[in-house]
1. Straight distance only, please: which lysines reach the Cα of Lys5 with their own Cα at less than 20 Å, same-chain residues fewer than 8 apart left out?
2. Let me know the charge dipole size of the stretch 137-210 about its Cα centre in debye, to the nearest 20, where only the beta-carbon of Lys, Arg (+1) and Asp, Glu (-1) is charged.
3. Can you flag which of Lys203/Lys319; Lys153/Lys306; Lys87/Lys315 are past 26 Å Cα-Cα?
4. Hey, what do the phi angles of the stretch 65-74 turn into as Karplus ³J(HN,Hα) couplings, whole Hz, using 6.51/-1.76/1.60 and θ = phi - 60°, x for Gly and Pro?
5. In Å, what is the Rg of the alpha-carbon atoms in the chain, and how long is Dmax?
6. For the stretch 251-319 and the stretch 194-209, what is the separation of their C-alpha centers, rounded to whole Å?
7. With only Lys, Arg, Asp and Glu charged, each at its Cβ (+1 for the first two, -1 for the last two), find how big the charge dipole of the chain is about the Cα centre; round to the nearest 20 debye.
8. Residues in the stretch 272-291, backbone N under 12 Å from the label point at Glu162 (7 Å along the Cα-to-beta-carbon vector): list them, ranges by number please.
Amino acid sequence: MATIKDVAKKAGVSISTASYALNNQPNVHSKTREKILAAAKELNYYPNASARNLKTKRTGNIGFFIYGFDGPIFGDILEGVNNELQKKGFNIIVSSGESSAVILRERQVDAAIVFDSNLTDDTLLNYSEKYPVIVLDRDLKGKNIYKSQVDNKKAVERFISEMVDKGYKKIAYLSGPKDSPSNLERYKGFCNALNEKGIKEFKHYEGDFTIGCGYELGKRIAQETEKPEFIYCANDESAVGVLQAFRELNVRIPDEISVAGFDGIMLGEYTIPNLTTIAIDYKDWGHNLAHFITVLLNENEVLEIKGPEAKVKFKESTK
């Protein structure tokens, strides 16, 4: 079985330099690192994780904590995070529920990216005493706490204002869960836009961000005597469900009712008609989050996290 001494000899470097490179430390030139990693691969050498952790005080793991595994949004962010972490030699641990709190309490990760409102502020603040945390779903301040969020309120406010300018007056909002921070911010933006335009009344339908709920609400709306001209859905999955219900019940889109969503998921490109949406590049966001974390851990440098941009994609579901 190959040892680190064998790797160092094959790469023509000292054992300490080989150790730095294999443990993902920053003080090794990139070409030297590549040579050492190539030697380790050729010799089929893998560092002992326990020994490495004792020496470096690092696990080599980054935690990505989410509140569930359903839906395309988490998958896109995760792909961006994972791709960047792999390039930088870090592992990713994805967790949800009570196990997330256990991982943080036991310090099984070197940093945390948190998109789970069920993880308490106290849990995160306790962990962040020594380790960096990026929160994506709350406004939390503290040592080693960093925030990166979609500007939901601004994006929706700007979009709804534009839709009112296009002539829509009878407008409805299909919400996400009441306790969802993103839904609350999107609703604020929606209300702000209507208030600025002097529209005091609108319909409000309570949803849960799922296609199924959007579908059931769509069937209900289709049977109403006084239908809205335009339904703004707090996410794309709800909007996809609404579109499906309207198609089945022969509601003409957008001639009778226009529909729009938020997220820019791939499925919206394949609905009939295609879905107008406020699109977020979640993969790019994940890449930026992982880049921030790895630079912070390797260079101890405080940076600004590049946040995601919101871009409206006008499709066939609106006039």
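1. Lys31, Lys35, Lys41, Lys55
2. Its charge dipole is roughly 160 debye.
3. From the list (Lys203/Lys319; Lys153/Lys306; Lys87/Lys315), the Cα-Cα distance tops 26 Å for Lys87/Lys315.
4. Listing the rounded values in order: 10, 10, 8, x, 10, 7, x, x, 5, 4 Hz.
5. Final numbers for Rg and Dmax: 24.1, 81 Å.
6. 22 Å
7. I would put it at about 1220 debye.
8. 276-279
The values are calculated or read from the model by the stated rules, or taken from the named source; none is laboratory data. All figures in this text were calculated on a predicted structure; none of them were measured in a lab. With ideal geometry, Cβ positions are generated from the backbone for all residues, glycine too; neighbour counts draw on all protein chains shown. The area values use the complete protein model at the heavy-atom level, side chains included, leaving out ligands, DNA and RNA. Shrake-Rupley method; radii C 1.70, N 1.55, O 1.52, S 1.80 Å.
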